[in-house]
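One structure is given below, encoded as structure tokens.
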Amino acid sequence: MGPVLNGLIKLQSVENRLRAAKAKLARCRRSVIVQENQVRSLQSALEAKKEEAQLTKVQCDRLELELKSRDAEVNKLRASLNTAKTNKEYAAVLTMLNTTKADNSKIEAQILELMKAVEADEEESAAIRKQIEEQIQVLEDIRKKADSSAGEHEAEIAKIQAEWNEVAKGIPAKALAVFKRVADTYDGEAVVKIDEQEGRSGAYSCGGCFMGVTAESVNLLMTRDDIIRCSNCTRILVLGESTD
């Protein structure tokens, strides 16, 4: 192989290191995003719980107003008992009074349950607020560490990128354009070695997709410094040790 293919092999090595460094930076930043999402999730849960408590309070207030009105009705019925002129009228008013009092007792029980629910919601809200405070502190710690690590990763990336640029200078523009295109397609894996299939003399396969490579392609790589691409995956093929 000539200087073009050897240059691409070297560039592939640098490309792998560059992408690995960028992946470290991405993971570093992703840890902050994950924690931010955790805080936002808790904040959403708190808002939902507060809204739930508010709706329960509104329902409780409505029942208390209804109970107040019904208590006034009980007082009127009690007064009516004293003014009843016949036993039949007295019995009818007494029945209404007892029915109203029974209904009022049910409403009082509902109000009590609603008040318990509000109290439980407020306790849960307090617990969520505490979690938010704790997770915000965790977020600050993660952000500080991430900022520190990000600086180191960015410095590493800049150093490798400079090396990449230097190696790329020795590669013709057309070959470099092909490399970049294929690298973007296969997450950096643009150049792959041809493997000689075990137990089969003269049978070769692509080191990327493992599909067959013709002997003609191998012969071209042995005699010319041209880019030969896999007919299946389109990666750039170079000779492996067993095919040199």
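The values are calculated or read from the model by the stated rules, or taken from the named source; none is laboratory data. Please read all numbers here as calculations on a predicted model, not as lab measurements. As a convention, Cβ positions derive from the backbone with ideal geometry for all residues, glycine included, and neighbour counts pool all protein chains shown.
Taking interchain pairs and intrachain pairs at least six residues apart, which have beta carbon atoms under 6 angstrom, with the first residue in segment 154-172 and under 9 Å from V14 (Cβ atoms) and the second among the β-branched types (V, I, T)? Short answer, once both residue conditions are applied: E163/V14; W164/V14; V167/V14.
Quick check on my filter: what residues within segment 56-71 are under 20 Å from A117 (Cβ atoms) and surrounded by 14 or more Cβ atoms within 10 Å (Cβ to Cβ)? Working first, answer last.
Taking segment 56-71 first, the residues under 20 Å from A117 (Cβ atoms) are 56-67.
T56, K57, Q59, C60, L63, E64, E66, L67, listed by residue number.
Over 24 Å from E140 (Cα atoms) and touching a Lys or Arg at 6+ places or on another chain (Cβ under 7 Å): is that true of V74 in this structure? Considered against the rule, which asks whether it is over 24 Å from E140 (Cα atoms) and touching a Lys or Arg at 6+ places or on another chain (Cβ under 7 Å), V74 comes out as yes. Here D187 passes the criteria (1) surrounded by fewer than 14 Cβ atoms within 10 Å (Cβ to Cβ); (2) in the same structural domain as K22 (by TED's automatic domain parsing); (3) among the acidic types (D, E) except the one numbered (2).
On the basis of being in contact with a helix residue (DSSP H, G or I) (Cβ under 6 Å, 6 or more places away or on another chain), within 30 Å of A72 (Cα to Cα) and in a helix (DSSP H, G or I), does L114 make the cut?
Values: in contact with a helix residue (DSSP H, G or I) (Cβ under 6 Å, 6 or more places away or on another chain): yes; within 30 Å of A72 (Cα to Cα): yes; in a helix (DSSP H, G or I): yes.
Here the answer is yes, as L114 does meet what is asked.
So is E89 of a type in the set (D, E) and either over 60 Å from the mean Cα position of the chain (by Cα) or on the phi > 0 side of the Ramachandran plot (or both) or not? Judged against the criteria, E89 is a match.
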